[in-house]
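Read-outs throughout are calculated quantities, based only on the coordinates presented, and are distinct from any laboratory measurement. Small disclaimer: the values here were computed from a predicted structure and weren't measured. Using ideal geometry, Cβ is built from the backbone for each residue, glycine included, and neighbour counts are taken over all protein chains shown.
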Amino acid sequence: MVHSASSSLVRILLKHAVDSGADTRPLLYAAGIDADALEDSEVRISAASVYALWKQAEMHRQDPNFGLHVGESMQGNPGGGLLFSLMMNSPTIGDALDKFCRYHHLMNDAIQPVLEVKTDMASLSWELKTPWPSSSRHIAEALLCIFQSILDHLTDRRFKPVEVRFRHNRPDDISAHQRIFRSSIRFAQSRDELVLKKRLLEETIYLADQRLLENLERYAIDLTNRINVQDSWTARVMQSINKNLQGKKPVITLIAKELAVSVRLLQNRLRGEKTSFQTILDGVRKETALHCLKNSETPLVDIAFILGFSEQSAFNHAFKRWTGNTPKQYRESTYH
């Protein structure tokens, strides 16, 4: 599985960079993220690219409390639009945190929040679905700062953790930690977590709207289903072919290498989704050809080149197989 995050999470990180005076273009370029893709709220960015962007921003800032400051910059909307709305319309704090854990993948599926309830205490921590950020002090501090901000919002600024625990060693200056968490802070612990009183989970969220919550949850489930479809091997191969369809025919060896799998494994994955590489390639070529014929006056020989055909006659033959018409006949029919 390729872990990913929402484009809105990337925009939040970029906002912090902009607020600090950074030029985001080189940061995005170095992380391999297409700036135009961020305009679509449903676009998913690979977790590896998001982490690369994080590291670029971290190096640019040279801020000893980078993670804390990123977390603070998210205080106006700590869980993302949909996720935070789900929490704010839940009946109790416990229900809100359940929604946070259940639907966090809408923001980032590489990190899974975990709520553990014991006799009289509870803790909010996380599990990693990918190993890359496991040793990052700044990511841990950003996440606990965001958790703190979420609970501040849910309790109308009345939240105070029993204790805050970090795995990393104590920094020389913890004044920023003390200002943000307003609680006992311990370092060199077995895991990163916020510890809170269990009875807090039973507190009512008075402005919650049950009907709105039901509608939001239906949308969250629908969005989850769409994300799962986007994460299919078919979708990933389509995206890779589209990217490489520039005057040459993408071959399966190239696509498999880009997706970091063997040709045989890729073929097996596609077979499991009841398709094949050639079927997907034909589909991408067909849709690209239809778009070019409908929306431009590009010469047929140039369209053939764009699609990776060695000559126009091969394109004509393939297009007739796809549609029953030649490209010329199809273009003429769309204009009359």
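Our summary gives the range 87-206 a relative contact order of 33 percent, counting only alpha carbon pairs under 8 angstrom and 6 or more residues apart.
May I ask for the Kirkwood hydrodynamic radius of the range 137-179, worked out over all distinct Cα pairs and given in angstroms to one decimal?
Working: mean 1/r = 0.0879 Å⁻¹.
For the range 137-179, the Kirkwood estimate is 11.4 Å.
Between the range 274-328 and the range 190-219, the alpha-carbon centres lie 52 Å apart.
Give me the tail of P(r) for the chain as a percent: Cα-Cα pairs with distance above 32 Å. Kindly include the intermediate steps, with their values, before the conclusion.
Values: 24453 of 56280 pairs.
Value for the chain (Cα pairs over 32 Å): 43 percent.
Exposure here means at most 15 other Cβ atoms within 10 Å; with trypsin sites (Lys or Arg not before Pro) in a DSSP loop as sites, the longest stretch of the chain lacking them is 1-117.
Spacing of the modelled spin labels on Ser276 and Asp302, each 7 Å from Cα toward Cβ, amounts to 3.4 nm. Debye sum, Cα scatterers, the range 11-157, no solvent: what log₁₀ I/I(0) at q = 0.13, 0.14, 0.21 1/Å? Normalising to I(0) and taking log10 leaves -0.60, -0.70, -1.52.
Can you work out the FRET efficiency for the pair Met121 and Tyr206, with r the C-beta to C-beta distance and R0 = 25 Å, to the nearest 0.05?
Details: r = 25 Å, r/R0 = 0.98.
E(calc), rounded to 0.05, equals 0.55.
Using just its DSSP H runs of length 4 or more, each adding -39500 (n - 2.57), the chain gives a mean residue ellipticity at 222 nm of -17000 deg cm²/dmol after division by all residues.
If you take the beta carbon distance between Arg170 and Met59 as r and set R0 to 25 Å, what does 1/(1 + (r/R0)^6) give as a FRET efficiency, to the nearest 0.05? FRET efficiency, Arg170 to Met59: 0.60. Distant-in-sequence amide contacts of Val114, defined by a placed amide H-H separation under 5 Å and a gap of 5 or more residues or a different chain, comprise Ser125, Trp126, Glu127.
Summarising the label geometry, the points placed 7 Å from Cα in the beta-carbon direction at Lys197 and Ala235 lie 4.4 nm from one another. Give Lys99/Lys198; Lys129/Lys257; Lys249/Lys294; Lys249/Lys274; Lys118/Lys198 a once-over and call out the pairs whose C-alpha atoms are over 19 Å from each other. Check vs 19 Å cut-off fails for Lys129/Lys257; Lys249/Lys294; Lys249/Lys274. For Phe187 and Thr92, a Förster radius of 35 Å and the Cβ-Cβ distance give a FRET efficiency of 0.65, rounded to the nearest 0.05.
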